[in-house]
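All remarks here apply to the structure that follows.
The values are calculated or read from the model by the stated rules, or taken from the named source; none is laboratory data. Predicted model, so just to flag it, every value in this text is computed and none were measured. Backbone-built Cβ (ideal geometry, glycine too); neighbour counts: all protein chains shown.
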Amino acid sequence: MSCSVAVSMKLSIQAMKKHMILMILGVGAMSACNDPKGTVENDSLSDATADTAVMYEDERGRVEAEGAEIKDVGEDFWAGIDWDAPVVDDPELRGSEVEMRSGNDYNIYAMDDRLLFDTDKAQIRAEGEEKLQEIANKIKDLPQNGQIRVFGHADARASNEYNEELSAERANAVKDWLQNKGDIDARRLSVEAMGETAPRATNETAKGRQLNRRVAVVVVTREQ
């Protein structure tokens with residue numbers, strides 16, 4: 001065998017070995033990607049960059065949140081809400097004009113209608129969006145499979161039909177904001193138009209009527 005032929009064969013063998021090594025490495029990398037439990041015996045995950053790790057955790061958190069089962073607490077639960085439950089002094093809500101109350105297995109976040117809407121309107125004002133964002137932030141600190149119901153309340157000056165319709169429109173406006181801008185899972189949200197049926201004060205005075213015109217976001221806090 002000539003020297004040139006031997007050299008050529010040696011180079012060919014080296015090239016084949018290199019190709020096989022690259023194939024093995026490629027299969028290992030694919031296995032690591034397809035093995036969420038990390039059972040493949042290699043350190044490919046340890047070689048990931050910090051940014052990749054953050055993206056992985058964010059995506060896993062998103063999938064887990066979207067897969068969370070929303071537990072139905074039933075209508076009796078909502079009918080039993082105590083609107084006079086104890087007030088909670090939450091440092092994060094001080095000065096926000098959002099009143100927080102806490103009952104058995106739920107929190108109530110209530111706002112005077114003037115913070116959210118103009119008179120007889122159901123479009124949320126810019127100042128109202130700031131208040132709703134504060135509530136959305138608090139909701140995200142609670143169990144993510146708890147139901148949320150937005151209650152619209154009115155005073156007794158207009159007809160029952162008008163009060164119920166307006167309170168429904170306002171409750172729906174808040175629900176839509178929490179879903180579309182507050183990033184709250186739509187499966188958790190529902191509304192209830194209370195109209196004038198659950199006053200917190202007398203309707204005989206201006207101050208009392210103002211207390212009765214409100215929107216309340218009730219969030220189930222117990223682990224489901």
- Message: Suppose we filter the stretch 183-208 for residues that are within 29 Å of the chain's Cα centre (by Cα) and not charged (D, E, K, R); how many remain?
- Response: 9
- Note on the structure: (1) in a loop (DSSP other than H, G, I, E, B); (2) at pLDDT 95 or above all hold for Asn107 apart from (1)
- Message: Among the residues in the stretch 135-152, are any under 17 Å from Met100 (Cα atoms), surrounded by fewer than 20 Cβ atoms within 10 Å (Cβ to Cβ), of a type in the set (Lys, Arg) and modelled with pLDDT under 90?
- Response: no
- Filtering the stretch 132-169 down to residues that are touching a Leu at 6+ places or on another chain (Cβ under 9 Å) and either outside any helix (DSSP H, G or I) or over 12 Å from Val217 (Cβ atoms) (or both) yields Gln147, Ile148, Arg149, Val150, Gly152, Ala154, Asp155, Ala158
- Task: Starting from the stretch 104-123, keep only residues that are aromatic (Phe, Trp, Tyr), then list their pairs with residues that are assigned to a loop (DSSP other than H, G, I, E, B) and surrounded by 13 or more Cβ atoms within 10 Å (Cβ to Cβ) whose Cβ atoms are within a distance under 8 Å, requiring at least 6 positions of separation or different chains.
- Result: Tyr106/Ile81; Tyr106/Thr221; Tyr109/Val98; Phe117/Ile124; Phe117/Arg125
- Matching residues in the stretch 107-126 (in contact with a helix residue (DSSP H, G or I) (Cβ under 8 Å, 6 or more places away or on another chain) and surrounded by 12 or more Cβ atoms within 10 Å (Cβ to Cβ)) number 12
- So, in the stretch 199-224, of the ones that are among the hydrophobic types (A, V, I, L, M, F, W, C) and surrounded by 15 or more Cβ atoms within 10 Å (Cβ to Cβ), which residue ends up nearest to Ala110 (Cα to Cα)? Ala216
- Query: Would it be correct to say that Thr221 is polar (S, T, N, Q) and within 21 Å of Ile81 (Cα to Cα)?
  - Reply: yes
